[in-house]
1. What number comes out for accessible area per residue over the chain if the probe is 1.4 Å? Units Å², please.
2. Calculate what fraction, in whole %, of the accessible area of the chain sits on carbon and sulfur atoms when a 1.4 Å probe is rolled over the protein chains.
3. Could you order Glu89, Glu64, Glu13 by accessible surface area, starting with the largest, using a probe radius of 1.4 Å?
4. Sorted by average packing, counted as other Cβ atoms within 10 angstrom per residue and highest first, what order do 144-151, 51-58 take?
5. Provide Phe94, Phe127 ordered by accessible surface of protein heavy atoms (probe 1.4 Å), highest first.
6. Step through the residues of the stretch 78-89 one at a time and calculate ³J(HN,Hα) from phi using the Karplus curve (6.51 cos²θ - 1.76 cosθ + 1.60, θ = phi - 60°), rounding each to whole Hz and writing x for Gly and Pro.
7. How large is log10 I(q)/I(0) at q = 0.15, 0.20 Å⁻¹ when the Debye formula is applied to the Cα atoms of the chain, each weighted equally and without solvent?
8. Out of residues 5 or more away from Phe131 or on other chains, whose amide H comes under 5 Å of its own, with H placed 1.01 Å from N in the peptide plane?
Amino acid sequence: YKRNPDKVKLYRERGKDYRKKWAEENPQKITATQKRYSMKPETKKYRKEWHIENKERRDVAWRERAWKQKLLCFTYYSAGDVKCKCCEESEIKFLGIAHLDGGGAKQRKELGGGGGKVYRWIIKNNFPPGFQVLCHNCNQAKGSFGICPHQLKK
């Protein structure tokens, strides 16, 4: 059995309209319920404890997910052999994704931040060309001097 997405959307919109209309007609009921619930000390204590417990779980899950996304990008752009394209550094903590033709600052500004947002953007856009895996030292040197000192030695 498949639901018709158009009908589901229509029912949701009708429900929103109904709830909105009811809320406009009964503001005192909403306010009274909110006050009654929020004034209970056990509610406040439960909320605080729940928030702390779940924050720790969310943080761990977030770090794991971010790490997997990072590894996925590294694996794709280094053709399975995860290492710096310039100096062949293989310690993953030292590696990052670099733009081939610069423009990283512009993209981070567009995305509203770097790091995980860039990795998520890359995955969401099916690994577009124009990226490579470099260690942070080589990427910094390339950005500052136009070429990495490792390339001068070669």
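The values are calculated or read from the model by the stated rules, or taken from the named source; none is laboratory data. Bear in mind the structure is a predicted one, so any value in this text is a computation, not a measurement. All Cβ positions, glycine included, derive from the backbone under ideal geometry; neighbour counts span all protein chains shown. Ligands, DNA and RNA are excluded from the accessible area calculation, which covers all protein heavy atoms including side chains. Shrake-Rupley method; radii C 1.70, N 1.55, O 1.52, S 1.80 Å.
1. I get 81 Å² per residue for this part.
2. 54 percent
3. Ranked list, largest accessible area first: Glu64, Glu13, Glu89.
4. Highest mean packing first, the order is 144-151, 51-58.
5. Accessible-area ranking of Phe94, Phe127, largest first: Phe94, Phe127.
6. Ordered by residue, 3J(HN,Hα) equals 10, 6, x, 9, 6, 6, 5, 5, 8, 9, 6, 5 Hz.
7. -0.90, -1.19
8. Here Leu100 satisfy the definition.
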